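This report concerns only the one structure given below.
The values are calculated or read from the model by the stated rules, or taken from the named source; none is laboratory data. Quick caveat, the model's predicted, so the values are computed rather than measured. In this analysis, Cβ positions are derived from the backbone assuming ideal geometry, glycine residues included, and neighbour counts consider all displayed protein chains.
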Amino acid sequence: MRYTVFGCLIVLILLVSIFGGCADMLARKMLFHPSRYPNSQDFSTETFREVSFVNAKKQTLYGYYFPYQKTDPKEKPKGSILYCHGNGENISHLLKYGQSLRSEFQCNVLIFDYAGYGKSGGKPTAPGVLDDGLAALTWLMQHEKIPADQIILYGFSLGGCVAVDLASKHKIKGLIVESSFTSLGEIGEQKLPFIPAKKLLREQLASVDKIGKVQCPVFISHGKADRVIPFEHGEKLFAAAKEPKKFYIPPEGFDFHSAPHCDAHTELLKEFIGSLP
């Protein structure tokens, strides 16, 4: 997650200890930084389409779907990637990234916005982003007729907890988690060890408790220079995951939060996706 989220989390813990009944509202304000969709963009010439679907609260969510572009009529994509973004992005920021995921990994790609992000309705909450992820997964399975075992869940930062949650409940093809956290409570207790954040925060998003239930191959990456989510969170997620699994540490210069992929990172992801059953 980006910006000052974890500095704000410290304030959140203090406030929750005083105003316990307001925890959900405070968490929403501190954890999420939704950006709205720009009005001036014209994507009429791009090779993707805007899609929409509803979540459990009947809020309309929006996404971009990048169908794999075949060079041979008999060719099949290597899978379908459902990408879950971080807390300060929306899909309009990820246009080129969605295209690169499609071309680099030869997959269909769906990127989507949580409630309150981009053009999506409603407001983001911790339980809500998990429901939003389920709505996106359901759209892929029902609208595009893609079975769960052909879907690769890819979560960055905040999106990591969405991807892990979905992978723990569905028999999917593969799971990729990048620069994500074990739980919000653990981060809070690292920052303020004298305050029991795990007990005070009701919105835990505890991926470390869920990733052991994932039955598919897992690829986790985390940079040692990450100052937003400490490196040890990636290590703990990897330790809790079942085999087969892969842990990648980007080299210096590519090891901070939101860093671009180096060539070696991209090649390892290609190998991982290519090895999936």
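When the residues of the range 160-186 are filtered to those that are acidic (Asp, Glu) and in a helix (DSSP H, G or I), which remaining residue is nearest to Asp209 (Cα to Cα)? Taking the candidates together, the pick is Asp165.
Results for (1) at pLDDT 95 or above; (2) of a type in the set (Gly, Ala, Ser); (3) buried (at least 24 other Cβ atoms within 10 Å of the Cβ), shown as yes or no for each residue.
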| site | (1), (2), (3) |
| --- | --- |
| Lys169 | yes, no, no |
| Leu200 | no, no, no |
| Glu203 | no, no, no |
| Ser207 | yes, yes, yes |
| Glu232 | yes, no, no |
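Can you list residue pairs whose Cβ atoms sit under 6 Å apart, with the first residue in the range 258-277 being closer than 13 Å to Gln106 by Cβ and the second being of a type in the set (Lys, Arg)? Count only pairs 6 or more apart in sequence or on different chains. So the pair list comes out as Ile273/Lys78; Leu276/Lys173. Residue-level analysis places Leu134 outside the set of residues that are modelled with pLDDT of 95 or more and either in a loop (DSSP other than H, G, I, E, B) or buried (at least 23 other Cβ atoms within 10 Å of the Cβ) (or both). Among the conditions (1) surrounded by 15 or more Cβ atoms within 10 Å (Cβ to Cβ); (2) under 21 Å from Ser258 (Cα atoms); (3) modelled with pLDDT under 90, Gly7 misses just one, which is (1).
Total residues in the range 236-277 satisfying the condition of being of a type in the set (Ser, Thr, Tyr) and either in a loop (DSSP other than H, G, I, E, B) or under 12 Å from Cys216 (Cβ atoms) (or both): the figure is 2.
When we screen Ser258, Ser221 for residues that are within 17 Å of the chain's Cα centre (by Cα) and on the phi > 0 side of the Ramachandran plot, the only hit is Ser258.
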